[in-house]
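Below: one structure, written as structure tokens.
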Amino acid sequence: MSVDGAGAVDAFASASFEQPTAPASFSQALQRSLEQKHAAEAQVEWAELRAAAHRIKAEAIEQLDRLLVQFEERFEARGGKVVWARSAEEACAAIIEICRRHGVRSLVKGKTMVSEEIELNHALAQAGIDAVETDLGEFIVQLAGQRPSHIVGPALHLSRADIGALFARRFAVPFSDDPHALLALARAHLRERYLRAGAGLTGVNFAAADTGSAVVVENEGNGGLSAAVPPVHILLMGIEKVLPRFSDLPIFLRLLARAGTGQRLTTYTHHFLGAEPGKHVYCVIVDAGRTRILADPRTRESLYCIRCGACLNVCPVYRRAGGWAYHSVYSGPIGAVIAPQLQPGPATSGLPFASTLCGACKEECPVDIDLPHQLVYLRQRAVAAPPASRAAAKPVTNVMRWFAWAMRSSWRYRVATAFARFALRGAKDRRQPPALASWLRYRSLPALPAQSFKTWWRKRKP
């Protein structure tokens, strides 16, 4: 989705209020994921695991320069090749060059958020390389020409009927919303793609510096097939994925499965230890703005994220607005923190303000990232920016100035609330205030009481 320059906050509101595309089950699915997470947490010493993961990630990020070099040395000693990419453009160019070197015209992809971030599919298509997503959710949104709406469930915004209609249109088959029939259709299409792919690309959940091994966790088996069937395997990872030791992995594997899907362990945990005979393995390590986050001690902790999606599931703003409203592949509270830093610009500058600061995201985070304080800091930084940089937040700033004026004395508060009641009553009578016009296009205001609470109380108190 693109932003036309009307302002990041306005764009967020427009995307969330004017395009309510998620099915009614969207919020229920998020709540179900949250409940499954809580049940899985009770099976282990959650607080101890969480604290240990936080300490390990802090150590890894503090020693990132040394650990990345160590990983490169050990990975290449196992027969792989590391390629460094400072930007999204460099990462795409590196992958295209690898494909051309091996004559690859068709590529299968396991789930990787970094490839969405750098818009790899678009770059591959322009280079004449046919790339297909093999994760079922990613496959669905690719067919629909959309972006994922959730870190773990890319197609969570689509109902079964939506997917059935999409498959019927794209594969010229009778409509069905039966999950088993839809899965069988996707499987039949993808199996053939594995067999003729010249390369497979996967993300990396964790990389152990001391052994040079890359770890990918998944539930569908598509990641393993993408890595094992084609003759070329490309791993794509952000610089923050490295851990100091292989022995650190069990802590994170137990946390990620429980926080992401409520499982004790994901169905598949792949350890890629180097190139097999007759095959080629590459690891493209991407910066793309991460060192900018690393350079600021106040936001560095956001690099601890293991992409479980727990903060999205609990966030009241995400649950109401959905993932597309964030104009970034990273949505929810973690997206509101990292998207403005990874992809600075008018499309993301207002995201730190799209939060209630309730603190639920910090409570749910399996590595205990202090997201609320980072959001407050990014708000402060946005306010302190030059006036041109604050243009996107001007409508919200004006509203808050009026709010501050009204709250300075009781008579101002009475005047403001009386005016607000008058304006809302006008909206109820179809004389809609411009600020509420888009919102009221799809919703009705609740009935206003005949009098305010203060008026009611004055008439009744002794």
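The values are calculated or read from the model by the stated rules, or taken from the named source; none is laboratory data. For clarity, every value in this text was computed on a predicted model and none was experimentally measured. With ideal geometry, Cβ positions are generated from the backbone for all residues, glycine too; neighbour counts draw on all protein chains shown.
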### Message
If residue 312 satisfies all but one of (1) modelled with pLDDT under 95; (2) in contact with a His (Cβ under 8 Å, 6 or more places away or on another chain), what's the number of the condition it fails?
### Response
(1)
### Query
Considering only the range 105-135, how many residues are surrounded by 21 or more Cβ atoms within 10 Å (Cβ to Cβ) and out of contact with any strand residue (DSSP E or B) (no Cβ under 9 Å at 6 or more places or on another chain)?
1
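This table checks each residue for (1) surrounded by 13 or more Cβ atoms within 10 Å (Cβ to Cβ); (2) outside any helix (DSSP H, G or I); (3) at pLDDT 90 or above; (4) not assigned by TED's automatic domain parsing to the domain that holds residue 252.
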site: 21; (1), (2), (3), (4): yes, yes, no, yes
site: 28; (1), (2), (3), (4): no, no, no, yes
site: 59; (1), (2), (3), (4): yes, no, yes, no
site: 75; (1), (2), (3), (4): yes, no, yes, no
site: 83; (1), (2), (3), (4): yes, yes, yes, no
site: 92; (1), (2), (3), (4): yes, no, yes, no
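The rows are residues; the columns are (1) closer than 16 Å to residue 452 by Cα; (2) modelled with pLDDT under 85.
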residue	(1), (2)
405	no, no
412	yes, no
415	yes, no
418	yes, yes
### Summary
In the range 362-395, anything closer than 15 Å to residue 352 by Cβ, modelled with pLDDT under 75 and surrounded by fewer than 19 Cβ atoms within 10 Å (Cβ to Cβ) is listed as 385, 389, 390
### Query
So how many residues does the range 137-189 have that are touching a residue at least 60 places away in the same chain (Cβ under 8 Å), outside any loop (DSSP other than H, G, I, E, B) and crowded, with 21+ Cβ neighbours inside 10 Å?
0
### Query
Do the conditions hold for residue 348, that is, is it farther than 22 Å from residue 224 by Cβ, in a loop (DSSP other than H, G, I, E, B) and of a type in the set (Val, Ile, Thr)?
yes
### Task
Kindly indicate the residue of the range 341-351 that is surrounded by fewer than 24 Cβ atoms within 10 Å (Cβ to Cβ) and of a type outside the set (S, T, N, Q) and also nearest to residue 51 (Cα to Cα) among those meeting that condition.
342
### Task
Mind listing whichever residues of the range 257-295 are closer than 25 Å to residue 337 by Cβ and either free of Cβ contacts under 8 Å to residues at least 24 places away in the same chain or of a type in the set (Ser, Thr, Tyr) (or both)?
261, 291, 295
### Sole residue being within 26 Å of residue 253 (Cβ to Cβ), in contact (Cβ under 8 Å) with a residue 12 or more places away in the chain and within 15 Å of the chain's Cα centre (by Cα), chosen from 333, 352
333
### Query
Do we have residue 122 as assigned to a helix (DSSP H, G or I) and touching a residue at least 12 places away in the same chain (Cβ under 8 Å) here?
no
### Summary
Scanning the range 294-330 for residues that are aromatic (Phe, Trp, Tyr) and under 12 Å from the mean Cα position of the chain (by Cα) gives 318, 324, 326, 330
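Residue-by-condition table, conditions (1) touching a Pro at 6+ places or on another chain (Cβ under 9 Å); (2) acidic (Asp, Glu); (3) under 30 Å from residue 103 (Cα atoms):
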{"position": "123", "(1), (2), (3)": "no, no, yes"}
{"position": "128", "(1), (2), (3)": "no, no, yes"}
{"position": "153", "(1), (2), (3)": "no, no, no"}
{"position": "160", "(1), (2), (3)": "yes, no, no"}
{"position": "164", "(1), (2), (3)": "no, no, no"}
{"position": "168", "(1), (2), (3)": "yes, no, no"}
{"position": "194", "(1), (2), (3)": "yes, no, yes"}
### Message
Looking at the range 262-270, can you tell me whether even one residue there is within 19 Å of the chain's Cα centre (by Cα) and in the same structural domain as residue 153 (by TED's automatic domain parsing)?
### Response
yes
### Task
Would you be able to say whether some residue in the range 261-277 is aliphatic (A, V, I, L, M) and in contact with a Cys (Cβ under 8 Å, 6 or more places away or on another chain)?
no
### Query
Picking from 254, 298, which residue would you name as being of a type in the set (D, E, K, R), in contact (Cβ under 8 Å) with a residue 60 or more places away in the chain, within 26 Å of residue 359 (Cα to Cα) and surrounded by 17 or more Cβ atoms within 10 Å (Cβ to Cβ)?
254
### Message
Just the residues that are within 22 Å of residue 206 (Cβ to Cβ) and assigned to a helix (DSSP H, G or I), please, taken from the range 94-112.
### Response
94, 95
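Yes or no, residue by residue, for (1) out of contact with any Pro (no Cβ under 8 Å at 6 or more places or on another chain); (2) crowded, with 23+ Cβ neighbours inside 10 Å; (3) farther than 27 Å from residue 84 by Cβ:
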site	(1), (2), (3)
214	yes, yes, no
231	yes, no, no
243	yes, yes, no
263	yes, no, yes
270	yes, no, no
273	yes, no, no
277	yes, no, no
285	yes, yes, no
